[in-house]
């Protein structure tokens, strides 16, 4: 019996065709949507607009899994956590999603970040690390993060 070849679902960002939304209309591909979400995330951090960031990026039932911290569940708790991060000196972030894959109404992105920090009374610093974000297509065809995990490349401490 011959084995059927598995269909490869990994796509390079920016090369996929527009996908159909849940209502059947043409919409942006997952890769296009994720790139837009990344841009909105970076812009919101720079503008210190945590409310806008969470509303644009995360689903209502999303979870954030930061390093050395318990799971943060739900948009309100994520907003509170990210506000604390900004209040502790985060001034900007660069996201570089390097790989995107889709499977139906789910997608994931893997990438690297650089977080700029200037703690109150401290010197400017940068943290680099990596992340994986899982996205779910929403009823209107847009995409939102439902699980976000990141960790630093630097030593613990």
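Nothing in this text is a laboratory measurement; each read-out follows from the coordinates by a stated rule. Keep in mind the model is a prediction, meaning the values are calculated, not measured. Positions of Cβ are generated from backbone atoms using ideal geometry, with glycine treated the same way; all protein chains shown enter the neighbour counts.
Can you give me the distance in nm between label points at residue 68 and residue 39, each placed 7 Å from the Cα along the Cα-to-Cβ direction?
3.5 nm
Given the C-alpha centroids of region 33-61 and region 87-132, what is the distance between them in whole angstrom?
12 Å
Where Rh is the Kirkwood radius over the Cα pairs of region 87-157, the temperature 37 °C and the viscosity 0.692 mPa s, what D in µm²/s does Stokes-Einstein return?
Values: Rh = 13.7 Å.
Rounded to a whole number, D works out at 239 µm²/s.
For 102, 94, which order do you get if you count the other beta carbons within 10 Å of each Cβ and list the fewest first? Please report the intermediate quantities before stating the final value.
Working: 102 20, 94 15.
In increasing order of surrounding Cβ atoms, one gets 94, 102.
Is the C-alpha gyration tensor of region 28-151 telling us rounded, prolate or oblate? Criteria: a/c under 1.5 is rounded; beyond that, a/b larger than b/c is prolate, otherwise oblate.
Numbers: a/c = 1.84, a/b = 1.60, b/c = 1.16.
Note, shape of region 28-151 comes out prolate.
Counting other C-beta atoms within 10 Å, which of 88, 152, 29 has the fewest, and how do the rest follow?
Working: 88 12, 152 15, 29 21.
Ranked by crowding around the Cβ, least crowded first: 88, 152, 29.
Packing-wise, with mean Cβ within 10 Å as the measure, how do 68-77, 108-117 rank, highest first? Spell out each step's value before the answer.
Working: 68-77: 12.6, 108-117: 17.9.
Result, highest mean Cβ count within 10 Å first: 108-117, 68-77.
Rounded, prolate or oblate: which fits region 38-100, taking a ≥ b ≥ c as square roots of the Cα gyration tensor eigenvalues, rounded meaning a/c under 1.5, else prolate when a/b beats b/c?
Numbers: a/c = 1.31, a/b = 1.12, b/c = 1.16.
In terms of gyration-tensor shape, rounded.
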